[in-house]
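Colleague: Dropping a structure here in structure tokens format, bear with me for questions.
Just so it is clear, none of the values below were taken in a lab; they were calculated from the coordinates. Everything numeric in this text was worked out from a predicted model, so none of it was measured. All Cβ positions, glycine included, derive from the backbone under ideal geometry; neighbour counts span all protein chains shown.
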Amino acid sequence: MGEAQQPDQAVKEALKRLRQKRQERIREVAEQVKVQKAELKAIREQLAADGEGATPPRLAEGTGIEVSRVMWYLATLKRYGEVVEGAKDGGWFRYRLANNARQSGGEEQ
Amino acid sequence: MTSGRTITCDALVVGGGIAGLQAALDLADQGFSVVIIESDLSIGGKMIRLSKVFPTLDCSSCITTPKMASAAHHDNITIFTWCELQSLERDNTTVTARVTARPRYVDEEKCIGCRKCEYACPVLVPDPEQGGFSGTKAIRIPFSNAIPQVAALDPEHCMLCGRCARACPTGAVDYLQQPRQFTVTARTAVLATGFEMTSPGDRPQYGNGTIANVITALQMERILAPHGPYNRVLRPMDGMEPDSIAFVQCAGSRDLSMGVPYCSRFCCMYAIKQAMLLSGALPLADIVIYYMDIRAFGKGYEQFYQTAKAMGIQFVKGKVARLQGLEGGTVAVHYEAQEGEGVSVDNHDLVVLSMGVVPHWSPEGICRVSTGADRFIRTVRPSLSPVRTDLEGVFVAGAASGPKDIVDTIAEAGAAAMAASNYLAAVRQQG
Amino acid sequence: MSGSRQRKSDRVGVYICHCGGNISDHVDVEKVRADVERIPGVAVARTNMFMCSDPGQELIIEDLRQGIVDRVVVASCAPSLHEATFRSAIARAGANPYIYEHANIREHVSWVLHGDKATAKAEKLVAAAVGKARLLEPLDPIHVEARRHVTVIGAGIAGMTAARLLADRGLEVVLIEKSPYLGGHAARLDRVAPTGERAADLVSELAEAVLEHAAVTVMTSTRLAGFDGYVGNYDLRVRPVLAGPAEDRNGYVPFHGVVGGNPPELTIKTGAVILATGFRSYRPRRGEYGYGDLAGVVTLPEFIRLFSAAERSGDCLVLDGRTIRSVAMIHCVGSRQIPGIHEEDGDGRLNEYCSRTCCSAVLHAACRIRELFAGTRVHDLYRDIRTYGRGQEELYERASKSGVLFHRFTAEAPPLVEPGDGGETGDFPLRLTVRDGLTFGEEVRMGVDLVVLATGMEAGDIDELVAMMKLPVGTDRFLQEVHPKLAPVETSVAGVFLAGTAQAPMTIGEACNGAAAAAVKAASLLGRGYVELDPFVADVDPALCRGTGDCLQACLADGALEMVEVETEEGAARQARVIAARCLGCGACVAVCPTGAIDLKGWSLKQYEAMVDMIVADIPDNA
Ligand SMILES: Cc1cc2nc3c(=O)[nH]c(=O)nc-3n(C[C@H](O)[C@H](O)[C@H](O)COP(=O)(O)OP(=O)(O)OC[C@H]3O[C@@H](n4cnc5c(N)ncnc54)[C@H](O)[C@@H]3O)c2cc1C
Ligand SMILES: Cc1cc2nc3c(=O)[nH]c(=O)nc-3n(C[C@H](O)[C@H](O)[C@H](O)COP(=O)(O)OP(=O)(O)OC[C@H]3O[C@@H](n4cnc5c(N)ncnc54)[C@H](O)[C@@H]3O)c2cc1C
């Protein structure tokens, strides 16, 4: 995406004030996003390591992230096309990274 | 407060669920002009969020989307979503609604629904449209078949990082958008504000919403929906395919101590429906419904119930006293079986609560229509015209006047439209 | 004929729906898309999660506007659900809505087949639709004048409500009732649950409204003798019912209703018909719970009538001079019948449905007994208490509080009603035995003076109407709507609607809602003074018609074809002509025409051939 046209000064000022006003909340969200990024990275790496795919408990074990949270990330990654469901393994399904999927964590690459 | 622009129409419909849509269509098809105001980001109400619907097991999207689309495209219907009704007053033969359009932080006229903002956004938030089971973004199209297909930004989760604005091909993102006021004047109004479910959060006997793998029926609808969070039935706690699923009926109803003394009316049928869908998805799973009375009263409903029994779904007459979370995500259900000896305990992998149905909206301080002891909108001629409220020219339809399944809701919406059109015809004659 | 003149489109657009997984979980939608795109004549093939959604429809509209396509095939669910949706999308794009063809790959494919078979069949169906679509021609809907007039059959609560609303809406209404009275079953009630209103007041209010309304003609003791015509233009022949005259007085006659007007014999020219013919109370078989054999076993309607005549004083209820110390009320008589447990009726039928209204009606009666006569004990024997509606659960509460004794039985072990023997159950004429689920399946015996059977609702005796009007009937024998949610008061006969308990058991409030919903559909249909019908009707090619008249012989619709004198180059000749509004589009005439002069618009023989060709052809595989 190219850079959008230059916003005029008044808008810039207004945005600045808004940022100021929401400062606290923005800081909290940024904090959350940092955690999300780290956890997503761990999950992606674990998925890449388990070429055949991994079950949620296995991913939880491998990453140290609580299994319900792993499940939430998997559902999210699946929704954005980054992860696909694989074969069944006991009571669980395995999940693996989709081929040539774009990352949905928002990284602009 | 600035009053903003004024829109004039024949009939105002409050609520764009299936009741409001049907009423609007039945009015608009007669040539009346209709404005629908909807508080949510999309029209469609609860129904567009359901999986398949009893008693025919049609896919809910397939039945709701045509109605949504025909309302959205109707020459005589104008829809405003993401609105808040500030006041609804009636003076002589004019109904006046003051409405606030909440900011989406996305220009509705410019947005083309391409979702590029959503892909660009770095913030993951639990998706309320998927029962919280999957993440979505802080800016997003609410769900795949939402109408309108316009993105909205959730300021609570926005870092103002600017990525969405940069990704938007039409420059639609507007962080500075402000609420706008407008006024709708009409001759008549139909209230179709629907229902809400009570929350397990304040039910200690069900673990106050903290026991893993205890979910609500609406969450189960999402799990069963074709475009749900997992695209299959899994336990949200750990992704295991459940072998044993239990439904707890009247988990918030028919019990004064829970604040809902009345019957929530459609829970028996949706539990049976969900049980059937589950047994289709997981043929080997054990499915149990704990109930007090099975209320399968509508056309074809009793047959639906008997079919479920024949499919092997177990019906256990008994009141569930308590739920208990066990190691590994198992849930123990403590219940008093009607034909048993005292309290029994059974373990399940997943437990679904049929919570109580309460009104979505209270007219208090907004509109002079009165409500009943059950807090739903009171109807003054429940036998001969169940759509009449105590405010002349203002009618009610659907779950706004008490829990009602879709079939009954649609019939009532037609009835409200009929009453409203006759009222319109009468006031037109007066001048 | 015209087929040879048809130009084949080579700009067919194919739009394939995932149906949110309903289709794409079984059909490889992407493969279908890729393969279909290579079929000759296909300009573009696209997929979408929900083709019926706004973004889905937008795809089609854009392609049409851009001129990329000029014929449209949508592969999705049954056309009954969305054909209209897509036609109107095409119209919004400024194109003719009949350049559209539908392929059903859900009900016909993904709901019945899985894996490669499903994908292969989906491709065949789509290919066939493409074959047909290439030969589609723009058509115009048939425009028919419609009479702003509605006929309502049945003057119960539902019929009177519909008639009153439509008359208020400015339409002319005829209300036909076969009995001499207005009011139907409601007139046979005393006080109604759950509001406690007097049924007589409700019936009188409605009857007065319709009798006094200038736009309503009420015909009592009248029945339908003939039904002809088509939507917007029906002709109904009515005839007086030769029955005993109404009581010689005016106004409300208890347990009958309000005396109506006099029945002439005539033809009614009307635009639409609302069927509000109501229900029939279940008659217990002789011996069912002792009915007909044992004195003191009555049905709920019988009890309501007896009770309304009873003295409202004393400690105990007294009926017909008999003191009722104890009464048992049994639910689900003639309802919720289960194959293998319940006995079928003479025609081998069971009432498997729930009659919906009886639970509240019984509890209401039970409350009234207990509240007026403290000395009368009331036993309520039920399977499930279905007090689902507003104010109904409160009735259940009230019954419990007023001291009604509840016993729960299962379908497998119904209560037994026997003559009393003066033994342990005391000096009661009747003895009742039940295995009570509320006391852990203990067998409970009780002596009672009266047993009230909560008899359910059955479909009314309207076989004659059903045959005459070709009405659809469900397995429960009630009249059948097109779809419970999409078209809940419409029947498959255009312009014929359902109101009230003719459709299914309902309470009075629900019957009124149903009636008003039917009224609003009739008002919308007739409001503009004309209706538009699909143009898929027979079409005669004058160049080929030799006037054999074979088509008239074959025609299944009454009067859809006629022979007319025409001037041709060789002089006067007889030729067939189609009355479009009456034509069913069945094609029976096409099959018999010796010269191939008659064909169906939108479904021509050429198009069938093209479909068959595509089904047998190999589809280029992209994989
Ligand atoms: C888990 C579950 C499963 C179900 N399954 C089935 C089924 O299979 N079959 C069936 O027949 N029924 C089913 N139902 C019942 C069905 O959901 C209802 O019958 C139906 O949704 C009622 O429609 P409604 O339009 O009256 O209310 P709603 O669907 O609640 O719609 C009301 C609308 O009004 C809007 N609104 C509310 N207040 C305001 C306001 N002040 N201003 C503007 N807008 C407002 C809301 O946002 C909403 O969009 C189910 C219900 C649940 C909970
Ligand atoms: C025992 C009992 C107790 C009940 N108690 C209650 C209660 O407390 N509260 C409540 O809300 N509901 C109650 N109901 C239900 C209530 O009676 C019905 O909802 C209501 O009467 C239905 O009205 P309707 O107009 O649909 O049908 P109906 O009352 O059956 O009217 C149909 C009319 O059509 C006429 N008709 C039939 N066929 C033809 C024909 N071919 N040509 C012309 N005319 C025809 C009939 O003569 C009749 O007048 C009770 C029902 C029963 C059986």
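Colleague: Return the average number of partner chain Cβ atoms within 10 angstrom of each residue Cβ along peptide C:348-361.
Modeller: Mean shielding count: 3.
Colleague: Here's another thing I want to ask about it. So what's chain B giving for Cα Rg divided by 2.2 N^0.38 Å, two decimals?
Modeller: 1.03
Colleague: Can you run phi through the Karplus equation (6.51, -1.76, 1.60; θ = phi - 60°) for region B:263-277 and list ³J(HN,Hα) in whole Hz, with x for Gly and Pro?
Modeller: 3J(HN,Hα) across region B:263-277, in whole Hz: 8, 7, 6, 10, 5, 4, 5, 6, 5, 4, 4, 4, 4, 5, 5.
Colleague: Let me ask something else about it. Out of B:Val407, B:Ile36, B:Thr183, whose Cα points farthest toward the positive end of the dipole of chain B (charges: +1 Lys, Arg; -1 Asp, Glu; placed on Cβ)?
Modeller: Sorting the options by dipole projection puts first B:Thr183.
Colleague: With label points built 7 Å along Cα→Cβ from the Cα atoms of C:Glu107 and C:Ala225, find their separation and express it in nm.
Modeller: Calculated label separation equals 4.0 nm.
Colleague: Moving to a separate point now. Most exposed first by the Cβ proxy, i.e. fewest other Cβ within 10 Å, how do C:Asp347, C:Asp463 rank?
Modeller: C:Asp347, C:Asp463
Colleague: Any idea what the alpha-carbon Rg over 2.2 N^0.38 Å comes to for region B:137-282?
Modeller: 1.40
Colleague: State the extension gain, in nm to one decimal, for the chain segment bounded by C:Leu372 and C:Asp541, taking 0.36 nm per residue of separation less the distance between their alpha-carbons.
Modeller: 53.0 nm
Colleague: Also, I was wondering about something else. What do you get for Rg/Rh of region C:288-455 when both radii come from the Cα atoms and Rh is the Kirkwood radius?
Modeller: 0.95
Colleague: Would you list the membrane-span-like helices of chain C, meaning whole DSSP H runs whose alpha-carbon atoms span at least 30 Å along their axis and whose mean Kyte-Doolittle value is at least -0.5?
Modeller: none
Colleague: Under a no-solvent Debye model with one identical scatterer per Cα of region C:370-507, what's log10 I(q)/I(0) at q = 0.09 Å⁻¹?
Modeller: So the normalised log intensities work out to -0.47.
Colleague: Regarding region B:76-210, what is the average projected area of its C-alpha convex hull, in nm²?
Modeller: The Cα convex hull of region B:76-210, projected and averaged over all directions, gives 11.2 nm².
Colleague: If r is the Cβ-Cβ distance from B:Thr183 to C:Val473 and R0 is 56 Å, what FRET efficiency results, to the nearest 0.05?
Modeller: 0.65
Colleague: Right, next: Roughly how large, in nm² to one decimal, is the mean projection of the convex hull of the alpha-carbon atoms in the protein assembly as shown?
Modeller: 51.0
Colleague: Let me ask another. Please enumerate, by chain and number, the lysines with C-alpha under 18 Å from the C-alpha of C:Lys601, excluding those fewer than 8 residues away in the same chain.
Modeller: Filter leaves C:Lys8, C:Lys132.
Colleague: Give a quick list of trypsin sites (Lys or Arg not before Pro) in region C:466-533 that DSSP marks as loop, anything other than H, G, I, E or B, with at most 15 other Cβ atoms within 10 Å.
Modeller: Qualifying residues, ordered by number: C:Lys470, C:Arg528.
Colleague: Let me ask you something else. Largest first and to the nearest Å, give the Cα extent of chain C along each principal axis.
Modeller: Principal extents (largest minus smallest coordinate, Cα): 93, 61, 40 Å.
Colleague: Rounded to whole Hz and in sequence order, give me ³J(HN,Hα) for region B:346-361 from the Karplus expression 6.51 cos²θ - 1.76 cosθ + 1.60, θ = phi - 60°, writing x for Gly and Pro.
Modeller: 10, 9, 9, 7, 8, 10, 10, 9, 8, 6, x, 9, 10, x, 6, 9
Colleague: If you take every DSSP beta bridge whose two residues both sit in the protein assembly as shown, what share of them, in percent to the nearest 5, is antiparallel?
Modeller: 55
Colleague: Tell me the mean residue ellipticity at 222 nm calculated for chain B from its helices only (DSSP H runs of n ≥ 4, each -39500 (n - 2.57), averaged over every residue, nearest 500).
Modeller: -6500 deg cm²/dmol
Colleague: To the nearest 20 debye, what is the magnitude of the charge dipole of chain B about its Cα centre, counting +1 on the Cβ of each Lys and Arg and -1 on the Cβ of each Asp and Glu?
Modeller: 700
Colleague: Please compute the alpha carbon radius of gyration of region B:199-357, then divide it by the globular-protein estimate 2.2 N^0.38 Å. Two decimals is fine.
Modeller: 0.97
Colleague: Here's another thing I want to ask about it. At R0 = 45 Å, how high is the FRET efficiency between C:Ala214 and C:Glu412 if r is their beta carbon distance? Nearest 0.05 is fine.
Modeller: For C:Ala214 and C:Glu412, the calculated efficiency is 0.20.
Colleague: P(r) tail for region B:332-431, what percent of Cα pairs lie past 21 Å?
Modeller: Here the tail beyond 21 Å accounts for 52 percent of pairs.
Colleague: Let me ask another. Using the Cα centre of region B:204-321 as origin and beta-carbon charges of +1 (Lys, Arg) and -1 (Asp, Glu), tell me which of B:Asn213, B:Ala281, B:Val316 is placed farthest towards the positive end of the dipole.
Modeller: B:Val316
Colleague: Cα-Cα over 26 Å: which of B:Lys46/C:Lys121; B:Lys67/C:Lys606; B:Lys67/C:Lys269; B:Lys46/B:Lys299?
Modeller: Going by Cα-Cα distance, B:Lys46/C:Lys121; B:Lys67/C:Lys606; B:Lys67/C:Lys269 fall outside the 26 Å limit.
Colleague: Based on the mean of other beta carbon atoms within 10 Å per residue, what is the order of B:358-364, B:77-83, most packed first?
Modeller: Highest-to-lowest ranking by the protection proxy: B:77-83, B:358-364.
Colleague: Given +1 on the Cβ of Lys and Arg, -1 on the Cβ of Asp and Glu, and no further charges, what dipole in debye does region C:288-455 carry about its Cα centre, rounded to the nearest 20?
Modeller: About 700 debye.
Colleague: Something else now. At 7 Å along the Cα-to-beta-carbon direction for both C:Arg528 and C:Ala591, put a label point, then send me their distance in nm to one decimal.
Modeller: 3.5
Colleague: Follow-up. Positive end of the charge dipole of the protein assembly as shown (Lys, Arg +1 and Asp, Glu -1 on Cβ, about the Cα centre): tell me which of B:Gly45, B:Leu124, C:Met49 has its Cα farthest that way.
Modeller: Farthest towards the positive pole: B:Leu124.
Colleague: Then there is this: Can you list the chymotrypsin sites (Phe, Trp or Tyr not before Pro) in region B:208-315 that are in a DSSP coil and have 14 or fewer other beta carbons within 10 angstrom?
Modeller: Sparse-neighbourhood loop chymotrypsin sites (Phe, Trp or Tyr not before Pro): none present.
Colleague: DSSP loop (so not H, G, I, E, B), at most 16 other Cβ within 10 Å: list which GluC sites (Glu not before Pro) in region B:1-91 pass both filters.
Modeller: Of the GluC sites (Glu not before Pro), not one in the loops of region B:1-91 has a Cβ with at most 16 other Cβ atoms within 10 Å.
Colleague: So for region C:473-623, what are the equivalent ellipsoid semi-axes in whole Å, largest first, each being the square root of 5 times an eigenvalue of the Cα gyration tensor?
Modeller: 40, 25, 14
Colleague: Averaged over peptide B:417-425, how many Cβ atoms belonging to another chain are found within 10 Å of each residue's Cβ?
Modeller: 6
Colleague: Moving to a separate point now. Applying 1/(1 + (r/R0)^6) with R0 = 51 Å to the Cβ-Cβ distance of B:Gln86 and A:Glu31, what FRET efficiency is obtained, to the nearest 0.05?
Modeller: After rounding, the FRET efficiency stands at 0.90.
Colleague: Hey, got the average number of other protein chain Cβ atoms within 10 angstrom for residues in B:149-158?
Modeller: The mean count of partner-chain Cβ atoms within 10 Å per residue comes to 2.
Colleague: Tell me, what HN-Hα J-couplings in whole Hz come from the Karplus equation 6.51 cos²θ - 1.76 cosθ + 1.60 at θ = phi - 60° for each residue of region A:27-33, using x for Gly and Pro?
Modeller: Using θ = phi - 60°, the values come out as 5, 4, 5, 4, 4, 4, 5 Hz.
Colleague: If neighbour count is taken as other Cβ atoms inside 10 Å, put B:Leu153, A:Leu15 in order from fewest to most.
Modeller: Final ranking by Cβ density, sparse to dense: A:Leu15, B:Leu153.
Colleague: Additional query: Quick one: net charge of C:Leu430's neighbours, Cβ under 12 Å, K/R +1, D/E -1?
Modeller: -1
Colleague: Over all directions, what mean area does the Cα convex hull of region A:2-103 project, stated in square nanometres?
Modeller: For the Cα atoms of region A:2-103, the hull's average projected area reads 8.8 nm².
Colleague: Among C:Glu107, C:Glu424, rank each residue by its count of other Cβ atoms within 10 Å, from fewest to most, as a rough exposure measure.
Modeller: C:Glu424, C:Glu107
Colleague: About its Cα centre, what dipole magnitude does the protein assembly as shown give when the only charges are +1 on Lys and Arg Cβ and -1 on Asp and Glu Cβ, stated in debye to the nearest 20?
Modeller: Dipole about the Cα centre, nearest 20: 2260 debye.
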